[in-house]
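**Student:** Okay, handing you the structure first.
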Amino acid sequence: MKNNNIILIITIVFSLGLGSSCIDQKKEDKKVTTPKDAVKNQGVTNRDTIRRCHTMNVLEKHLAKTPDLRSRMEKIEEKCQDFIKLRRQGKIKDTDTITIPTIVHVIYSDENDNISTDQIQSQMDVLNKDFSKTNTDIDQIPEEFLTLSADSKIQFELDSIIRVPTTRKTWGTDDQMKFSSNGGSDVIDSSRYLNIWICTIGGGILGYAQFPGDSAATDGIVITPQYFGTEGNVKAPFDKGRTTTHEVGHWLNLRHIWGDGNCSKDDFVADTPFSDTPNYGCPQYPIVHCNSNDMTMNYMDYVDDACMHLFTDGQMERMRAVFTEGGFREGFIKE
Ligand SMILES: [Zn+2]
């Protein structure tokens, strides 16, 4: 377990170099564990059943093509750290439940992928449980991490469903599905709605999200239909709605729990242990990396849906920071 004070300082220092820590880390890391290596090391051999999230790949591409994105994200990070500091000092009262109106765009070429309203509602139910710490599998959290499990007091309300038939089979990760001019569906006011696009991404990719700070025209998350919700057209082992919980975590400024790099790379959260690799499948506790037990059961790791159960207090603070006055998502709490 980390010393919180030391790690908070480290986190702030890291935060000020956010851009470089995101995009240059592959150059800096002598030992980058690829998903393929990690899967091999952990004895998971069936590559159809590993979690693949492309959020960081998409971020790298966006940073390369958008000159001021890095500085925008650095400012958000500074504001986030200020919010956390003031909140801990009791100078910010931040206890109200935040409700996120959600628009689901269903883009389908196959009637099976025109997922039902019940399937969509089953996903909303999972989000509301996971973000309020009322998920029933919470009893599987090891004692070491149990007290860190947080109720974020963030809730989600289905506003509307937009259904768009298409002849296109797969969409990739370059945001084409977010534009009607490409046969997709245009974003609806991303300052006041969470936009979720359901379409087949392809390449075994379950989903991807866009971080706070990036373009309003593409803001939201994308999920392949079989990994959305808990009933209807869903596919194990990602049939418990946790792909969307994970991607909404990114949308609310959370990083992967291992910091997408070696032991020196942080996820900017003080109460999560350092690690240098994602975990896959359903690992038996304890799994040790970087001299501490991995929090494999965190929603921001890569384990199967049935094996992830918590956000921590530190993650909850990061997520709530984006809604603060002047925060990137403050539009959600304005009248
Ligand atoms: Zn991810």
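The values are calculated or read from the model by the stated rules, or taken from the named source; none is laboratory data. This structure is a prediction, so every number in the text was calculated from the model and none was measured. Note that we place each Cβ from the backbone using ideal geometry, even for glycine, and neighbour counts take in every protein chain shown.
**Student:** Tell me yes or no: at least one residue of the range 111-123 is within 19 Å of the chain's Cα centre (by Cα), at pLDDT 95 or above and small (Gly, Ala, Ser).
**Tutor:** Looking for residues that are within 19 Å of the chain's Cα centre (by Cα), at pLDDT 95 or above and small (Gly, Ala, Ser), one finds at least one in the range 111-123, hence yes.
**Student:** What about ASN41, is it surrounded by fewer than 17 Cβ atoms within 10 Å (Cβ to Cβ), modelled with pLDDT of 55 or more and under 19 Å from the mean Cα position of the chain (by Cα)?
**Tutor:** no
**Student:** Among the candidates THR173, THR167, single out the residue that is of a type in the set (Val, Ile, Thr) and surrounded by fewer than 16 Cβ atoms within 10 Å (Cβ to Cβ).
**Tutor:** Residue meeting the stated conditions: THR167.
**Student:** Residues of the range 184-195 being in contact (Cβ under 8 Å) with a residue 60 or more places away in the chain and crowded, with 16+ Cβ neighbours inside 10 Å, which ones?
**Tutor:** Scanning the range 184-195 gives GLY184, SER185, ILE188, TYR193, LEU194, ASN195.
**Student:** Being under 16 Å from the mean Cα position of the chain (by Cα), touching a residue at least 60 places away in the same chain (Cβ under 8 Å) and crowded, with 19+ Cβ neighbours inside 10 Å is the requirement here; does VAL106 meet it?
**Tutor:** no
**Student:** Another question about this same structure. Between LEU59, LEU86, LEU16, LEU63, which is surrounded by fewer than 16 Cβ atoms within 10 Å (Cβ to Cβ), at pLDDT 95 or above and of a type in the set (A, V, I, L, M)?
**Tutor:** Unique residue meeting the criteria: LEU86.
**Student:** Please go through (1) out of contact with any helix residue (DSSP H, G or I) (no Cβ under 6 Å at 6 or more places or on another chain); (2) surrounded by fewer than 24 Cβ atoms within 10 Å (Cβ to Cβ); (3) among the hydrophobic types (A, V, I, L, M, F, W, C) for VAL248 and return the number of the only condition it doesn't satisfy.
**Tutor:** (2)
**Student:** Select from the range 109-124 the residues that are touching a residue at least 12 places away in the same chain (Cβ under 8 Å) and either β-branched (Val, Ile, Thr) or part of a helix (DSSP H, G or I) (or both) and list them in ascending order.
**Tutor:** If the condition is that a residue be touching a residue at least 12 places away in the same chain (Cβ under 8 Å) and either β-branched (Val, Ile, Thr) or part of a helix (DSSP H, G or I) (or both), then ASN112, ASP113, ILE115, THR117, ASP118, GLN119, ILE120, GLN121, SER122, GLN123, MET124 are the ones that fit.
**Student:** Which members of the range 191-245 meet the condition of being under 30 Å from ARG70 (Cα atoms) and assigned to a helix (DSSP H, G or I)?
**Tutor:** Correct list: ALA216, ALA217, THR218, ARG242, THR243, THR244, THR245.
**Student:** It is to be established whether one or more residues within the range 251-270 are buried (at least 21 other Cβ atoms within 10 Å of the Cβ) and of a type in the set (Ser, Thr, Tyr).
**Tutor:** No, because not a single residue in the range 251-270 is buried (at least 21 other Cβ atoms within 10 Å of the Cβ) and of a type in the set (Ser, Thr, Tyr).
**Student:** May I ask you to list the residues in the range 196-239 that are surrounded by 23 or more Cβ atoms within 10 Å (Cβ to Cβ), within 19 Å of ASP130 (Cβ to Cβ) and away from the ligand (no atom under 16 Å from the Cβ)?
**Tutor:** Across the range 196-239, the qualifying residues are ILE198, GLY229.
**Student:** Please state which of the following conditions GLU144 fails to meet, knowing it meets all the rest: (1) loosely packed, with under 15 Cβ neighbours inside 10 Å; (2) assigned to a strand (DSSP E or B).
**Tutor:** Among (1) loosely packed, with under 15 Cβ neighbours inside 10 Å; (2) assigned to a strand (DSSP E or B), GLU144 violates only (2).
**Student:** A further question follows. Quick check on this structure: which one of ILE257, ILE333, ILE287 is of a type in the set (A, V, I, L, M, F, W, C) and within 25 Å of ILE188 (Cα to Cα)?
**Tutor:** ILE333
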